[in-house]
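*Asks:* Here it is, the structure in full.
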Amino acid sequence: MKYPIPSRFKNYLYRDGKPIPILYSYSEAILPSPQDWNRDTLACRYWFLEPMNHWQPSPSLERFLANGPAPVYVGFGSTVGTDPEKVTRIASEALHQAGERGVFVGGWGGVKPCDLPVSIYYMDYAPFAWLFPRMKAVVHHGGANTLAWGLMAGKPTITCPFVTDQFFWSALVPKLGAGPAPLPLKDLTADDLAQAVKWVVNDDAMRQRAEAIGAHLREEDGVGKAVRFIREKLGF
C-alpha cells in the first residue's frame, strides 16, 4: 500500500483543525512553562517509576557504604563515543584531590573499572531511586532522566554534558542553585572537577536548595496529572 507524501507545509500540531494535546514529562519547578502555551499543552511533572523491589545491593556495596562517609556518584549513563578510561582516570583523580569517596556506575561504558583505588566502588548498574539518596552529590552527563532522579533525591549536582539536550538540561542546574556551571565532558580536567566537587559538598546553602527541590519533586504526582489531562482531552 502506498501512502501519500505529507505536505512540507502540514502543521503536525493540529488534526482536523483542532490542536493535538501535548504532554511534557518534566516539572515546572525545574523549567517554567512558556506563557504563550495553549490549554492543550502541559508540562505535567516527572513520571517516576516505582523502585524495583527485586533489586538488592550486593554485600560488598553495602559494606562500602557502611564503612565511611557518603560517597559521590559518578556515571555518564548512555554516553558513548568518549574515552572511558580517560574519563575514569580524571574522575578518580578529582575525587582523590577533593578527599571524597566515590561510587562509579558504568552504564553504557562512560566509565570503566580500571585501576580504581579502594576509596571508589565500581558497579555496572544500580537503580537511581535506591542509590542517589545514599550519595553526598551526583556527577553525571546531564541527561534529562538522570538529572530528574538526582534532583528528586535532593542532591547537589555536577553535570558534564556531552551531546544534544544534555547541554540544555545541564544549564538549568546553576539557575536552580543546585550545582555549578556545567563542565563539558570533552574539556573535563581533574582539577576542574575536583574544585566543583569541593564546592558542592561544602556549600550548605547549595545543599539546602537541592534538598528543597527534592522535597518539592517528591510531592508532585506527574502520572496522576498526566492521566487527568489525557482523560479530559480525549474523553476517556
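*Asks:* Inspect the range 215-225 for any residue being among the hydrophobic types (A, V, I, L, M, F, W, C), closer than 20 Å to Ala70 by Cα and in contact (Cβ under 8 Å) with a residue 12 or more places away in the chain and give the result as yes or no.
*Replies:* yes
*Asks:* Still on this structure, I have one more. Please enumerate the residues belonging to the range 203-228 that are more than 23 Å from Gly154 (Cα to Cα) and surrounded by 17 or more Cβ atoms within 10 Å (Cβ to Cβ).
*Replies:* The one that is more than 23 Å from Gly154 (Cα to Cα) and surrounded by 17 or more Cβ atoms within 10 Å (Cβ to Cβ): Ala226.
*Asks:* Sticking with this one: From Ser60, Ser25, Ser92, grab the single residue that is among the hydroxyl-bearing types (Ser, Thr, Tyr), at pLDDT 90 or above and loosely packed, with under 11 Cβ neighbours inside 10 Å.
*Replies:* None of the other options fit; the residue is Ser60.
*Asks:* Now for a separate question. For the range 175-183, check the following and say yes or no: at least one residue is within 26 Å of Gly99 (Cα to Cα), without any contact (Cβ under 8 Å) to a residue 24 or more places away in the chain, touching a strand residue (DSSP E or B) at 6+ places or on another chain (Cβ under 7 Å) and surrounded by fewer than 23 Cβ atoms within 10 Å (Cβ to Cβ).
*Replies:* Among the residues of the range 175-183, at least one is within 26 Å of Gly99 (Cα to Cα), without any contact (Cβ under 8 Å) to a residue 24 or more places away in the chain, touching a strand residue (DSSP E or B) at 6+ places or on another chain (Cβ under 7 Å) and surrounded by fewer than 23 Cβ atoms within 10 Å (Cβ to Cβ), which makes the answer yes.
*Asks:* Taking the criterion of being small (Gly, Ala, Ser), modelled with pLDDT under 95 and farther than 19 Å from Val87 by Cα, would at least one residue in the range 172-186 satisfy it? Outline the logic, then answer.
*Replies:* So the first thing to find is which residues in the range 172-186 are small (Gly, Ala, Ser), and the list is 177-179, 181.
Then drop every residue that is not modelled with pLDDT under 95, which leaves none.
No: the range 172-186 contains no residue that is small (Gly, Ala, Ser), modelled with pLDDT under 95 and farther than 19 Å from Val87 by Cα.
*Asks:* Need the failing condition index for Val105 against (1) at pLDDT below 90; (2) under 15 Å from the mean Cα position of the chain (by Cα), just the number.
*Replies:* Val105 satisfies all of (1) at pLDDT below 90; (2) under 15 Å from the mean Cα position of the chain (by Cα) except (1).
The values are calculated or read from the model by the stated rules, or taken from the named source; none is laboratory data. This one's a predicted model, so the numbers in the text were calculated from it and none came from an experiment. As a convention, Cβ positions derive from the backbone with ideal geometry for all residues, glycine included, and neighbour counts pool all protein chains shown.
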